[in-house]
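Visitor: I have a structure I would like to understand better, so I am pasting it below and will then ask my questions one at a time.
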Amino acid sequence: MSFPIGEAFANVRTGTARSGLLAVVILVVVLVAILFDTVSVVLISSKAESFREAGGAVRVLVARDGVDVDACERLGRIAGVVASGAVQEQAPVVMDAMPGLKVPHYALSPGAADLLGIDVVDRAGFYLPTSLAEQWGMHTGSLIETDSGRGELLGTFEFDETDGRDPRLANAFVDLAVMKMASECWMETPPGAGSSYDDLLRTAVAPDAVTTADIQISAFNPAVHVGADGYREFQERPSKYGLLAVVVVAAIVAAGATARRRLEMSSNLHAGATHIDLVMVTLFESLITVFVVGMAAFAVVAWIVRLLLPAATDQLLPAYVSSIVVAVLGAVLGGIAPIAFLSESRLFRSFKRRI
């Protein structure tokens, strides 16, 4: 066993095995396939996130004074539900500075505030959409006199009324309130879920509070569609087949590199080496080469995934590592195949013909 191993290391070290070029080619093939797939996943994730930010995954249940706020809040703790919370319309707010203007006012449960991305402050006050606060020249900490007393602006939240979402909160005061009952329950589901969670959403209605006919469920933003089915797009992305093709390509490249050395192999056989010696030397050369390729590919791929998809590293990296392992194993098999399946007599004829 020491002879094949020593011979393989010598061939790799001196360049006889052309391992450097072979390693670079296989490494490039592996990295291009994985990078292509990573970029595809980034694009799919970006579309799904845009869909989510536009409220496309939010379903709204309306049951006038019939929503059990606690039940609505508990939905957000169920597997598959992203967030949920209750919303209740309140009496409009009249500001002393603009007595002729009645501004809509909505009370939110903690889950609804989280769903809207509001950074909640634990004291009395109100929140405004960022665009409305800018229009009024207000900032966090600003005080305002209203018909119900002085209030403090505790923060702002992004709310784009131009993308098709329910525009009511775009020009409204919102605050957090302790409520037992409300008129609306909002629930965010995974992109692509559509109405499949509606039966679960109906459980937020208090028993006997309203009739079935009084319950309405609709999409918070029915206008947005791109990115609505990110899971299906991820599962059906064409780039994942590149991860399978790279195994075949790596095997072909390695087989071609070994086939180009048939004259060298034939000469070694003529000099007294056995057929099994040639196979073992080629095997160890391939193992040394793919070990280097595997380590380099893993380092680069781990860096790429953490850079482009940090949130999905735990899901994607194991899959890509599996692809690297299968690709290098394919390269090993491709590397030894041209020698393993050639008889000694054919190798001798190759040597005599100086192919």
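Coordinate-derived values only; no laboratory data. From a predicted model like this one, the values you see are computed outputs, not experimental measurements. When we count neighbours, we look across all protein chains shown, and the Cβ atoms used for this are built from the backbone with ideal geometry, even at glycine.
Visitor: Considering the stretch 77-136, what Rg and Dmax in Å follow from its alpha-carbon atoms?
Guide: Values for the stretch 77-136 (Cα only, Rg and Dmax): 14.2, 47 Å.
Visitor: Limiting things to C-alpha atoms, what are the Rg and the maximum Cα-Cα separation (Dmax) for the stretch 98-218, in angstroms?
Guide: Considering the stretch 98-218 through its Cα atoms, Rg and Dmax are 16.3, 46 Å.
Visitor: A further question on this structure: For a bin width of 5 Å, list the pair-distance distribution of the stretch 29-92 built from all Cα-Cα distances, rounded to whole %.
Guide: Histogramming the stretch 29-92 at 5 Å steps yields 3, 13, 14, 15, 14, 10, 8, 7, 5, 4, 3, 2, 0 percent.
Visitor: Loop only per DSSP, at most 15 neighbouring Cβ atoms within 10 Å: give me the GluC sites (Glu not before Pro) in the stretch 99-183, ordered by residue number. Walk me through the numbers before you get to the answer.
Guide: Numbers: sites: E134, E145, E152, E158, E161; in loops: E158, E161.
Passing both the DSSP loop test and the Cβ count: E158, E161.
Visitor: Just flag the trypsin sites (Lys or Arg not before Pro) in the stretch 156-211 sitting in loop per DSSP whose Cβ has no more than 16 other Cβ atoms within 10 Å.
Guide: Qualifying residues, ordered by number: K180.
Visitor: Can you list residues whose amide H is under 5 Å from V174's amide H, if they're 5+ apart or on another chain and H is modeled 1.01 Å from N?
Guide: Y106, Y127
Visitor: Taking only the alpha-carbon positions of the stretch 32-153 and ignoring solvent, what does the Debye formula give for the base-10 log of I(q)/I(0) at q = 0.16, 0.17, 0.20, 0.21 Å⁻¹?
Guide: Ignoring solvent entirely, the Cα scatterers give -0.96, -1.03, -1.22, -1.27.
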